[in-house]
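For reference, the structure is listed below as structure tokens.
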Amino acid sequence: ERVYLNHCKSLYQIHLNSKSLYVLDLLGCSSLKEFTVTSEEMIDLMLSHTAICTLSSPIDHLLSLEVLDLSGTNVEILPANIKNLSMMRKLKLDDFCTKLMSLPKIPPSLRELHLNNCRRLVSLPKLPPGVKEVSAINCISLKTDITQRLVLQHMYQSRIPYLNKDPTYREDEYFFFPGDHVTNSKYGFHTEESSITIPYLPKSHLCGFIYCIILLEGSVLKDNRFSCAIYRDDMLISLDHRRIIGCEKLISDHVLFWYHDINKFGGISEVYDHFCHITF
């Protein structure tokens with residue numbers, strides 16, 4: 001059911017055919033170039049820091065796959081049929097996948113996309129509604145304005161269905177990528193400080209705020225954490241923390257888009273003179 005071959009540095013090929021294998025961990029098998037794996041039960045496939053350049057294995061046969069880790073590999077392109085992996089929740093391509101320039105259409109049920117240090121990556125595909133985390137730290141070739149528009153469109157559209165169909169649904173989102181400005185910054189409220197007072201807003205269907213925070217190159221964050229506290233009349237009504245691994249070494253300015261659910265801490269009856277304090 002499980003095979004762990006971490007750091008077997010002389011292993012150069014592996015071929016597995018199983019009906020019950022659900023975990024295959026090949027992390028650090030630095031000579032591994034060839035592999036095939038067939039298993040209807042495969043959930044986790046860890047290929048990080050191997051010498052694999054392409055996914056020649058029939059990846060679309062792994063219909064139960066939830067996590068695919070290709071961090072630190074020489075993969076240049078992902079197969080188009082990866083979009084058929086409907087159970088996939090996490091795709092990792094960070095830790096210097098230096099040859100990756102683009103991504104195909106990604107699976108629909110996907111929740112997390114990690115692309116840190118993919119420095120040749122120039123664009124992101126359209127994000128499925130379920131994606132709630134995209135980390136593209138130091139992806140310096142990404143086109144800032146296009147990426148911001150894609151992210152904002154995704155954040156707006158991913159919230160609307162839940163407001164209409166399931167008002168109890170609550171889930172935070174964040175998107176982190178290079179950028180030194182905010183596209184269409186004329187919308188919303190702005191400050192260069194770590195806190196902001198928001199004037200009266202009608203209750204309407206407001207469920208939260210989208211924050212956009214710009215971090216300068218070389219910024220130092222305590223324990224890689226962001227915090228956001230919302231007060232009304234000096235009373236704490238909402239609090240959230242976010243920890244983002246990898247942001248301790250920013251080689252350029254970065255932009256963080258973060259959705260904060262104002263009902264998460266217990267709910268409010270109206271939105272009036274909110275004092276939002278953001279700490280790093």
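The values are calculated or read from the model by the stated rules, or taken from the named source; none is laboratory data. The model shown is predicted, which means the values in this text are computed figures rather than measured ones. With ideal geometry, Cβ positions are generated from the backbone for all residues, glycine too; neighbour counts draw on all protein chains shown. Areas reflect the complete protein model, heavy atoms only, side chains present, ligands, DNA and RNA absent. Shrake-Rupley method; radii C 1.70, N 1.55, O 1.52, S 1.80 Å.
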If you check Leu100 against the conditions, is it more than 13 Å from Asp69 (Cα to Cα) and not polar (S, T, N, Q)?
yes
Selected residue [closer than 25 Å to Ser135 by Cβ and of a type in the set (Ser, Thr, Tyr)] from Ser109, Ser39, Ser18
Ser109
May I ask you to list the residues in the range 191-231 that are basic (Lys, Arg) and at pLDDT 75 or above?
Arg225
Within the range 247-270, take every residue that is among the charged types (D, E, K, R) and modelled with pLDDT of 75 or more and give me the one that is least open to solvent (accessible area, probe 1.4 Å).
Asp253
Some residue of the range 31-43 being at pLDDT 95 or above, over 30 Å from Leu127 (Cα atoms) and either β-branched (Val, Ile, Thr) or not in a strand (DSSP E or B) (or both)
yes
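Taking the stated definitions as given, is Asp60 touching a residue at least 40 places away in the same chain (Cβ under 8 Å), of a type outside the set (Val, Ile, Thr) and farther than 24 Å from Tyr259 by Cα? First the steps, then the outcome.
Numbers: touching a residue at least 40 places away in the same chain (Cβ under 8 Å): no; of a type outside the set (Val, Ile, Thr): yes; farther than 24 Å from Tyr259 by Cα: yes.
When the stated conditions are applied, Asp60 does not pass them.
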Taking only the range 82-130 into account, find how many residues are open to solvent by 50 Å² or more (accessible area, probe 1.4 Å), in contact with a helix residue (DSSP H, G or I) (Cβ under 6 Å, 6 or more places away or on another chain) and either of a type outside the set (Lys, Arg) or under 21 Å from Ile244 (Cβ atoms) (or both).
2
Condition met for Ile244 (at pLDDT 80 or above, of a type outside the set (Phe, Trp, Tyr) and closer than 17 Å to Phe189 by Cα):
no
Can you find a residue in the range 43-52 that is crowded, with 21+ Cβ neighbours inside 10 Å, within 21 Å of Leu113 (Cβ to Cβ) and out of contact with any strand residue (DSSP E or B) (no Cβ under 7 Å at 6 or more places or on another chain)?
yes
How many residues does the range 63-90 contain that are closer than 14 Å to Leu113 by Cβ and without any contact (Cβ under 8 Å) to a residue 24 or more places away in the chain?
2
Please go through the range 219-259 and give me each residue that is closer than 16 Å to Ser194 by Cα and either part of a helix (DSSP H, G or I) or more than 17 Å from the chain's Cα centre (by Cα) (or both), ordered by number.
Ser219, Val220, Leu221, Lys222, Ser227, Cys228, Ala229, Ile230, Tyr231, Leu239, Asp240
